[in-house]
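Below is one structure, written out as structure tokens; comments come after it.
Any read-out appearing in this document is the output of simple, stated calculations on the displayed coordinates, not a laboratory observation. Quick caveat, the model's predicted, so the values are computed rather than measured. Cβ placement follows ideal geometry from the backbone for every residue including glycine, while neighbour counts extend to all protein chains displayed.
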Amino acid sequence: MLIRAKFRKEKRLRYISHLQLLDTLRRAIRRADLPGKYSEGYNPTFNLSLSQPLPVGMPGGGEYLDLELTAEIRPEDFCRRLNGYLPRGIEILQGRLTENKLKSLQAVVDRARYLLLPPLNDDSRAEAVLQEFRNKKEIIVIRKRRNKSDRCYNLREMVHKIETAADGRWSFLVSTGSRGNVRPEEIVKGLQQIDSEIGEQPLINFYREGLYVSRPPKLLTPLADEIMEGE
Amino acid sequence: MTNVFSEIDDSLYQVESPERYIGREWNQIKKDWEETEIRTCLAFPDTYEIGMSHLGLKLLYHRLNQEEDILCERVFAPWTDMEKLLKKKGLHLYSLENKRELLDFDLLGFTLQYELSYTTILNMLNLGGLPLRSAERDNSHPLVIAGGAIVFNPEPLAPFIDLFYLGEAERDIIRLVRRYQELSDSGCSREQILRELSELPGIYVPSLYQPVYQQGNLESLKVEQGVKPRVSRQYIEDLDQAFYPTNFIVPYADIVHNRAVIEISRGCQRGCRFCAAGMSYRPARERSVETILNLAEGIISSTGYDEISLTSLSSMDYSRIEELVTRLADRFAGQNVSISLPSLRIDEFSLKIAREVQRVRRSGLTFAPEAGTQRLRNIINKGVREEDLFRAVRSAFESGWHRIKLYFMLGLPGEEEEDLAGITRLAKKTAEIGRQIRRETSRKMRRIEVQVNVSTFIPKPFTPFQWYEMESLRAIREKIEYLQQHLTGRSLSLDWNDPETSRLEALLARGDRRLAPVLEQVWQRGSRLEGWSEQVDYNRWQQVLKEFSLSVEDFFAGRETDAPLPWDHLYTGVDKDFLRQEWQRARSGKETPDCRWSACSSCGICGSPRSGLELARDKEEAASHAD
């Protein structure tokens with residue numbers, strides 16, 4: 001038995017790291033006395049896994065967790081009980097139970113949507129910049145890699161949808177995960193190639209709205225029926 | 001008053017470990033600022049991770065917040081990057097709960113945990129917007145108090161702190177806070193308030209005591225009329241009944257002790273003559289097994305921790321340790337909670353307990369013989385025999401440990417070359433025992449490692465060695481070199497604490513008020529966070545001392561036992577005559593046994609012999625007799 005749940009990590013809690021988030025969730029599950037299943041071995045710990053890490057400082061509204069269970073629990077109860085033991089800033093939004101064998105979150109999630117606060121003072125140019133981004137076939141950016149040489153890649157082919165959100169933020173649906181990954185700061189580098197007036201954008205100007213699974217022509221969430229039915 | 005956090009929130013991604021500065025951990029207590037009458041803040045002069053590993057701070061935090069009309073918040077020293085950010089934004093240091101500037105509080109309490117944090121205290125006062133010196137502050141500023149493990153010689157800090165609390169503050173911190181509020185409500189001046197507060201037991205107001213120096217020596221102490229000439233340490237008599245929280249804050253950061261910490265006993269009577277804590281935390285007091293089990297239950301369910309750590313100065317001396325460990329292990333077996341014992345003694349019994357727990361990490365085990373020969377161990381009263389050590393390490397290797405750390409001190413009174421040779425001999429023999437067991441065992445065992453760690457002995461106040469001199473830097477360096485040359489071979493490694501840093505620690509531990517302007521000056525030139533090796537600048541200290549016509553050596557000389565000491569007006573409860581007698585016995589190589597298992601040694605802490613001791617074993621026996 002496994003529960004997959006969607007959660008958000010926002011406000012001050014955007015400043016805790018991925019590992020700290022894992023510890024926070026584990027302890028909250030213990031406090032809430034939820035039927036999490038422990039791993040075997042010398043240092044037993046919950047079989048809990050998360051979707052792709054958020055950079056420290058960036059809030060996220062559609063993050064996911066998988067937790068193996070030893071007993072069935074109604075997803076609403078799971079969310080309610082766990083939320084009662086989580087610090088403000090992390091909230092479990094919804095969950096689904098399954099007996100099926102699922103691919104891990106990090107293996108299945110391949111899309112992320114980032115919202116960026118408008119980086120130009122003059123909003124009237126927003127649409128032009130975004131249109132130019134869309135029209136390009138190739139936007140080459142340099143990726144800095146730790147302990148490795150820099151690498152160039154075509155950002156454009158990993159940006160799948162470019163829009164303006166209702167609140168004016170710029171929205172980018174990009175590849176994420178092991179089969180191709182766009183870093184938020186690389187989106188900025190791409191934008192700067194189109195409009196040199198766009199300055200550096202701190203991570204906190206971004207918001208990771210959600211993580212998705214691409215099943216062309218559909219874009220699914222990790223909680224969608226097609227995904228929860230297993231492979 | 002500004003809302004500091006809203007101005008810095010969006011910039012925190014620029015600093016390392018921003019979670020240090022956000023608060024909002026599970027179990028944090030954030031009270032309504034406007035609705036709460038008395039506002040206090042506990043300040044720890046080091047980073048969040050270090051401060052949140054400190055039990056005393058948490059005890060006081062929860063004790064103060066237990067009172068409905070008092071709020072207590074926390075502040076830690078910002079790392080250098082955060083200090084820069086605060087300054088760049090023109091902001092003051094703020095508390096983690098309500099994010100208020102330190103200036104907004106009625107009372108600010110610093111923890112004195114180690115001497116090298118003194119410059120950080122000055123830095124925090126400054127970052128908080130407070131004048132450094134007590135004399136420059138008035139009722140518009142919070143009352144600045146301090147206390148903790150090293151409060152017994154607070155003299156170098158005297159001009160900066162309004163009052164010190166000597167002893168275990170959870171005993172009457174509430175009384176102090178309420179009295180202060182009463183006095184400031186009645187419109188008294190800061191001076192009057194301090195004078196009144198000085199009447200409370202355990203309260204030391206340094207401005208009411210003026211040392212007189214003569215030719216570089218302390219001559220006497222002028223005490224203002226009507227002020228008590230001697231301040232006595234306060235302590236909890238019945239630890240079992242004493243306050244202990246269960247709703248501990250659960251930090252996000254991976255702090256040193258991110259687990260359920262239960263203090264099973266306080267004080268130690270072993271009487272190691274170098275140990276300041278062993279002398280100044282007497283008498284030994286224990287919590288009962290029942291109380292500890294209840295606390296464990298409460299902490300585990302409130303925090304969600306999966307590890308319980310039993311802490312005390314010497315856990316193995318707990319009179320019911322076997323029963324305690326067994327019952328804890330039974331109780332939590334089904335909940336995947338492990339138990340750890342941080343301070344193991346050198347004997348087989350300790351290992352038996354460790355095996356029983358079966359969750360003590362197998363990677364390394366630490367033993368502290370402290371000295372290389374029996375002669376020197378007698379001098380320091382470390383009641384460990386060589387046979388004990390070898391039997392214990394044998395047992396440890398046989399139980400599967402492969403790495404053993406051995407701790408020693410250099411510069412102890414009476415130390416000679418044979419003692420250094422003794423260190424290498426003990427280490428080599430330990431390695432040999434390990435290798436032999438590894439050869440003969442059928443089990444898979446990792447390579448044997450014996451790590452020797454040496455540190456410079458510091459003759460600390462209120463120990464029998466307080467009259468002894470601090471060894472010169474050259475002599476210590478030569479001893480380290482000797483060990484480097486002789487402690488070679490398979491499975492052996494040597495590590496040492498920086499002797500210059502030890503000298504700074506000694507300087508502040510043994511120093512007097514002449515060091516206050518020195519402290520201020522080194523801080524001004526950039527010293528802070530000196531508990532971190534990369535932040536210590538020994539040369540800067542030497543330079544500043546020179547400018548004040550002082551030197552480190554001025555504070556390191558040996559003293560006659562009748563010469564006045566800078567801390568003579570403070571009293572830990574252990575008599576100076578006992579310390580003199582112990583110093584005498586040390587010099588003739590005589591041991592003094594632990595009074596828990598032998599006769600009273602008349603240290604002065606108990607009214608009548610052994611009456612202050614409070615052991616779980618005795619209590620149970622008393623209870624069973626009553627039945």
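Below is a table of values for the structure above.
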{"quantity": "Rounded to 10°, Cα long-axis angle of helix A:126-135 versus longest principal axis of chain A", "calculated": "90 degrees"}
{"quantity": "Order by protection proxy (mean Cβ within 10 Å, highest first), peptides A:217-224, B:67-74, B:461-468", "calculated": "B:461-468, B:67-74, A:217-224"}
{"quantity": "Spacing of the two label points (7 Å from each Cα toward its C-beta) at A:E72 and B:D562, in nm", "calculated": "8.9 nm"}
{"quantity": "Reach of B:K429 by Cα under 18 Å, taken over lysines that are not fewer than 8 positions away in the same chain", "calculated": "B:K405"}
{"quantity": "Chain A: angle of helix A:18-31 to the longest principal axis, Cα-based, in degrees nearest 10", "calculated": "30 degrees"}
{"quantity": "For segment A:113-228: rounded, prolate or oblate by the Cα gyration tensor [a/c cutoff 1.5]", "calculated": "oblate"}
{"quantity": "Order by protection proxy (mean Cβ within 10 Å, highest first), peptides A:141-152, B:25-36, B:499-510", "calculated": "B:499-510, B:25-36, A:141-152"}
{"quantity": "Restraint check, B:K479/B:K590; A:K9/A:K136; B:K382/B:K479; B:K30/B:K89, Cα-Cα greater than 29 Å", "calculated": "A:K9/A:K136"}
{"quantity": "Number of partner chain Cβ atoms within 10 Å, mean per residue of B:7-18", "calculated": "4"}
{"quantity": "Distance violations [Cα-Cα > 28 Å] among A:K103/A:K148; A:K101/A:K148; A:K137/A:K218", "calculated": "A:K103/A:K148; A:K101/A:K148"}
{"quantity": "Whole-Hz couplings from phi, Karplus 6.51/-1.76/1.60, listed for segment B:186-202; x for Gly and Pro", "calculated": "7, x, 5, 6, 4, 4, 4, 4, 4, 4, 5, 5, 5, 7, 6, x, x"}
{"quantity": "Three-way shape call for the protein assembly as shown based on the alpha-carbon gyration tensor, with the a/c threshold at 1.5", "calculated": "prolate"}
{"quantity": "Size of charge dipole - the protein assembly as shown - debye, nearest 20, with Cβ of Lys, Arg +1 and Asp, Glu -1, no other charges", "calculated": "2820 debye"}
{"quantity": "Helix-only CD estimate at 222 nm, as mean residue ellipticity for chain B, using -39500 (n - 2.57) per DSSP H run (n ≥ 4)", "calculated": "-10000 deg cm²/dmol"}
{"quantity": "Beta bridges per DSSP with both ends in the protein assembly as shown, % antiparallel, nearest 5", "calculated": "55 percent"}
{"quantity": "Segment B:462-505 - charge dipole about Cα centre, Lys and Arg +1 at Cβ, Asp and Glu -1, debye rounded to 20", "calculated": "180 debye"}
{"quantity": "Estimated vicinal HN-Hα couplings, Hz - segment B:586-593 in sequence order (Karplus 6.51, -1.76, 1.60; Gly, Pro = x)", "calculated": "4, 5, 9, x, 9, 8, 10, x"}
{"quantity": "Positive-end residue, chain B charge dipole about Cα centroid, Cβ charges, pick of B:V337, B:N453, B:N539", "calculated": "B:N453"}
{"quantity": "Whether segment A:2-107 is rounded, prolate or oblate, judged on the alpha carbon gyration tensor where a/c under 1.5 counts as rounded", "calculated": "rounded"}
{"quantity": "Relative packing of B:221-227, B:408-414, B:527-533, which averages over residues the other C-beta atoms within 10 Å, highest first", "calculated": "B:408-414, B:527-533, B:221-227"}
{"quantity": "Pair B:Q210, A:C152: separation of 7 Å Cα→Cβ label points (nm)", "calculated": "7.8 nm"}
{"quantity": "For segment A:118-200, with +1 on Lys and Arg beta carbons and -1 on Asp and Glu, the positive-most of A:N154, A:S171, A:Q131 along the dipole", "calculated": "A:N154"}
{"quantity": "Assigned charges on the beta-carbon of Lys, Arg, Asp, Glu; chain A dipole about Cα centre (debye)", "calculated": "580 debye"}
{"quantity": "Helix B:289-303 vs. chain B, principal-axis angle (Cα, 0 to 90°, nearest 10)", "calculated": "60 degrees"}
{"quantity": "Positive dipole terminus of chain B, leading residue within B:F274, B:N27, B:P369 (C-beta point charges)", "calculated": "B:P369"}
{"quantity": "Backbone HN-Hα couplings from phi across segment B:264-277 [Karplus 6.51/-1.76/1.60, Hz, Gly and Pro as x]", "calculated": "8, 8, 9, x, 8, 10, 4, x, 4, 6, 8, 9, 5, 5"}
{"quantity": "Average other protein chain Cβ within 10 Å of Cβ, residues B:20-32", "calculated": "3"}
{"quantity": "Inter-chain Cβ neighbour average for residues B:249-261, partner chain, 10 Å", "calculated": "2"}
{"quantity": "Inter-site label distance for A:E99 and A:E40 at 7 Å from Cα along Cβ, in nm", "calculated": "2.2 nm"}
{"quantity": "Amide H partners (placed H, <5 Å) of B:S338, local residues excluded", "calculated": "B:E307, B:I308"}
